Amino acid sequence: MSDPPAARQPHRRSGLFRVGRFYGVPLYFSASWLIIALLLTLSYGSLIKTVVPGTSRTTSYLAALAFAIVFALCVLAHELGHTAVSLALGRPVRRVVIFLLGGVSEIEHEPDRPRDEFLVSVAGPLVSLALGGVAAAGRLATDYYSVPGVVLTLLMWGNLVVAGFNLLPGLPLDGGRLLRALVWTVARSRLNATRISAWGGRVIAVVVAVSGILVDRSQYGITPGLITLVLAAYLWVGAGQSLRLAEVLDRAPALHLAALLRPGLLVPSDVSVAEALRRANEGRVGGLVLVDAADRPSAIVEERRISAVPMQQRAWTAVSTVARPLDQGLVLPVDLSGTALLDAVRATPASEYLVVDARGAPAGILSAADLAGALRLRSA
Ligand SMILES: [Zn+2]
């Protein structure tokens, strides 16, 4: 399946470079990874030159660059561990991204069973531990005070740190997911398990932030401290997002598309904005759908765009200029409910959707604002 155009565009803008595919899952490197590669090359280049006597400056820095690249591939292998288990469990993965702070496997749906959550989460750290073990074995067979010896030592510690840090018990880290899976099994509530793991994540974020402020600035200025603070912010925000997602999933079963319908009105696509609004007011409807010459729904008027047309231009602006063509994802069957409804909306983000009945005839409009409102109301 190819990405929808809406999902493809941000990749270009956010500086992501595709490096390959893994069982159909696209793998990306973010431009931000270059910052960490540069920092690793600079700091470990000087280390190699000091530890291995007689090494030229060029050899030292090239070896450090090689370490930075191989280490990124180790982080990628960690993510592919998550991805492989997720795919084996029948859970699609949108993409894998390597960036400034490590890697992320974007799994399509939150697991609905603690067992799946546990298996997907534990796979990454296990890969890192295994790679650390391989590097440790290679190091035993190599002279420690040689360039390969130092690089293998760095790879051993690098992978052990990746495994250890990710196993800390707080969301969005793997350890937070493992903790959530365990609490979820015992307490039988994903929401409560998420609350506990999210607070774990916030505590870890604060500890990381404090260490970022206290970091030694003598050698590389404020860069390592800044990256540490970015990591702390990433963890704090990630913990909050995990919590909100769990709250939404907790309320999802009560969602029914039929109960959220706004009455809609069909209008020809060549009428003016003024005329369309006049008909909408007259019919007291909550949304407008444009029909083509054969009376088939062809586009949906976006409320924000139509109300932004200046009053004096409404008489001669065609309503079709403020409508979005009805692609497949913008047409929802009226019997959608629960997480299936959330998945459908997430797959094609829009402000309005056309809802059709079992025969494919228009049944009304779903406004994304109404859906968000329903999710919030139920929390009160
Ligand atoms: Zn991981």
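In this label model, VAL210 and ASP327 are separated by 4.7 nm, measuring between points 7 Å along each Cα→Cβ vector.
Kirkwood radius for the chain, taken over all pairs of different Cα atoms as the inverse mean of 1/r, rounds to 24.1 Å.
Charge dipole of the chain (Cα centre as origin; +1 on each Lys and Arg Cβ, -1 on each Asp and Glu Cβ, all else neutral): 540 debye, rounded to the nearest 20.
Of the chain, which part is the longest with no chymotrypsin sites (Phe, Trp or Tyr not before Pro) in a loop (DSSP not H, G, I, E, B) and with at most 12 other C-beta atoms within 10 angstrom? Spell out each step's value before the answer.
Working: sites that count: TYR23, TYR145.
The reported range is 146-380.
Label-to-label distance, ILE222 versus LEU126, with points set 7 angstrom from Cα along the beta-carbon direction: 4.4 nm. About the centre of its Cα atoms, segment 254-341 shows a dipole size close to 280 debye [charges on the beta carbon of Lys, Arg (+1) and Asp, Glu (-1) only; nearest 20 debye]. Fully extending the segment from ASP370 to ASP343, taken as 0.36 nm per residue of separation minus the present Cα-Cα distance, adds 8.1 nm. For segment 257-377, the equivalent ellipsoid derived from the alpha-carbon gyration tensor has semi-axes of 24, 16, 12 Å in decreasing order. Nearest 10 degrees is fine. How inclined is helix 114-140 to the longest principal axis of the chain, computing both from alpha carbons? With both axes taken from Cα atoms, the answer is about 30 degrees. Measure off 7 Å from each Cα along the Cα-to-Cβ vector at TYR145 and SER189, then give the distance between these two points in nanometres to one decimal. Placing both labels 7 Å beyond Cα along the Cβ direction yields 6.1 nm. By DSSP, the beta bridges lying fully in the chain are antiparallel in about 70 percent of cases. What is the angle, in °, between the Cα long axis of helix 174-187 and the longest principal axis of the Cα atoms in the chain? Nearest 10 is fine, range 0 to 90. Value to nearest ten degrees: 60. When DSSP beta bridges are restricted to pairs lying wholly in segment 257-377, around 60% turn out antiparallel. Multiplying the residue separation of ALA318 and ASP112 by 0.36 nm and subtracting their alpha-carbon distance yields 69.5 nm. Shape call for segment 290-337 from the C-alpha gyration tensor, a ≥ b ≥ c root eigenvalues: rounded (a/c under 1.5), prolate (a/b greater than b/c) or oblate? Because a/c hits 1.5 or more and a/b fails to exceed b/c, segment 290-337 counts as oblate. The gain in end-to-end length when the LEU39 to ARG296 segment is fully stretched comes to 86.7 nm, 0.36 nm per residue minus the alpha carbon separation. With just the Cα atoms defining each centre, how far is segment 223-238 from segment 269-319? Give it in Å. Each part's Cα centre sits 46 Å from the other's. Between helix 273-282 and the chain there is an angle of about 70 degrees, using the helix long axis and the longest principal axis of the Cα atoms.
Averaging the Cα positions of each part gives two centres, and for segment 348-367 and segment 38-85 these lie 52 Å apart.
Every number in this text was worked out from the coordinates using simple rules, so none of it is lab data. Note that this is a predicted model, so its numbers are computed, not measured. Using ideal geometry, Cβ is built from the backbone for each residue, glycine included, and neighbour counts are taken over all protein chains shown.
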